[in-house]
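Below is one structure, written out as structure tokens, with a few remarks after it.
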Amino acid sequence: AGLVYKPFTEISLYASYSLAFAPRAGEQMASLTASNKAFDPEKFKNFELGAKWDVNPALNVTAAVYQLDRSNVAITDPSDSTKTILVDGQRTKGVELGVSGKIGAAWSVMGGYAYQDARLTRSQSATAKAGATLAQVPTHSASLWNRYDLDTTWGVGAGVVYRGAIFPSTDNTVVLPAFTRIDAAVFYKWDKNISIQLNIENITNKGYYSAAHSNNNITPGSPRSARLGLNMKF
């Protein structure tokens with residue numbers, strides 16, 4: 001459910017409330033067991049307030065604040081280890097800022113910043129205690145991409161990606177450090193139907209860890225890499 005209010009032509013204010021549900025099956029049915037198949041699905045409740053401002057017809061900025069609650073999380077009953085109970089499990093509060101569009105005739109930008117405070121609201125096991133930070137959720141993250149068209153044929157692009165430190169697991173014993181990655185691109189328009197694009201990721205060849213499945217299953221980020229693409233329109 002949502003409501004949008006426009007106090008001025010260029011500004012939109014909105015409020016929204018949503019509910020989402022996830023069955024017990026999990027990834028590839030891995031979470032479904034004989035003991036939890038009758039449980040209610042996990043429940044996600046989100047409140048959000050936001051605004052969008054069209055600075056000009058080609059450029060807009062956005063801002064939003066939200067609170068996301070996850071409930072019906074199945075945990076072992078602290079008073080009886082043979083039983084499983086459902087509890088309110090997680091709360092994430094955050095702020096998101098974004099910008100997208102053209103600053104000038106030749107310069108376009110797309111960027112965003114997010115702040116997230118994501119925590120367990122109730123202890124779920126001996127290693128997942130109330131107050132712990134959720135796995136894979138950085139407190140701060142941001143990105144900014146710029147493209148500048150030198151003429152009608154050539155264009156160049158550059159961008160930066162930042163992700164704050166994250167915990168691979170809710171036991172919060174292992175930390176993946178924050179990183180900043182710089183990317184670049186070159187664009188060439190052959191004609192109105194054909195264009196060529198060269199993207200270079202991690203141009204400084206920085207070593208970093210991009211993700212993790214657990215405390216001992218950690219994925220490093222890609223080293224410097226290049227990708228050449230051909231785009232055709234018919």
Need one number: nm distance between label points at Tyr208 and Phe39, each 7 Å from Cα along Cα→Cβ, rounded to one decimal. 3.5
I'd like the accessible area for His213: 1.4 Å probe, protein heavy atoms, all chains in place, Å² to the nearest 10. 140
Compute the relative contact order of the chain as a whole-number percentage, counting only Cα pairs closer than 8 Å that sit 6 or more residues apart in sequence. 10
12 Å reach of a label modelled at Thr121, 7 Å along Cα-to-Cβ, counting backbone N of region 46-70: 46-47, 67-70
Less than 18 Å from a label point 7 Å out along the Cα-to-Cβ axis of Lys93: which backbone N atoms in region 46-66 qualify, by residue? 46-50, 64-66
Mean separation of Cα contacts under 8 Å (at least 6 apart) over the residue count of region 90-210, i.e. the relative contact order in percent, is 18
Lys/Arg +1, Asp/Glu -1 at C-beta; region 168-207 dipole; positive extreme among Asn193, Gly207, Leu176: Asn193
Once both labels are modelled 7 Å past Cα along the beta-carbon direction, what's the Thr219-Phe47 spacing in nm? 3.5
Students often get this wrong, so check it: of Lys52/Lys189; Lys43/Lys129; Lys52/Lys206, which have C-alpha atoms separated by over 24 Å? Lys52/Lys189; Lys52/Lys206
In nanometres, what is the gap between the two model label sites at Ala158 and Phe234, each 7 Å from Cα along Cα-to-Cβ? 3.9
Karplus-derived 3J(HN,Hα) from phi for region 131-139 (6.51 cos²θ - 1.76 cosθ + 1.60, θ = phi - 60°), whole Hz, x at Gly and Pro, runs x, 5, 6, 5, 5, 6, 10, x, 5
Mind giving me the FRET efficiency for Leu144 and Val65? R0 is 22 Å, r the Cβ-Cβ distance, nearest 0.05 is fine. 0.55
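Using a 1.4 Å probe on the protein chains only, how many percent of the accessible area of the chain belongs to carbon and sulfur?
59
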Taking the Cα of Asp151, stepping 7 Å toward and past its beta carbon, and measuring to each backbone N in region 176-209: which are under 16 Å? 187-192
So what is the accessible area of the chain per residue, in Å², with the probe set to 1.4 Å? 63
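The values are calculated or read from the model by the stated rules, or taken from the named source; none is laboratory data. Keep in mind the model is a prediction, meaning the values are calculated, not measured. Don't worry about glycine lacking a Cβ; one is built from the backbone with ideal geometry, like all the others, and counts go over all protein chains shown. Each accessible area value is taken on the protein alone, full model and side chains, heavy atoms only, with ligands, DNA and RNA left out. Shrake-Rupley method; radii C 1.70, N 1.55, O 1.52, S 1.80 Å.
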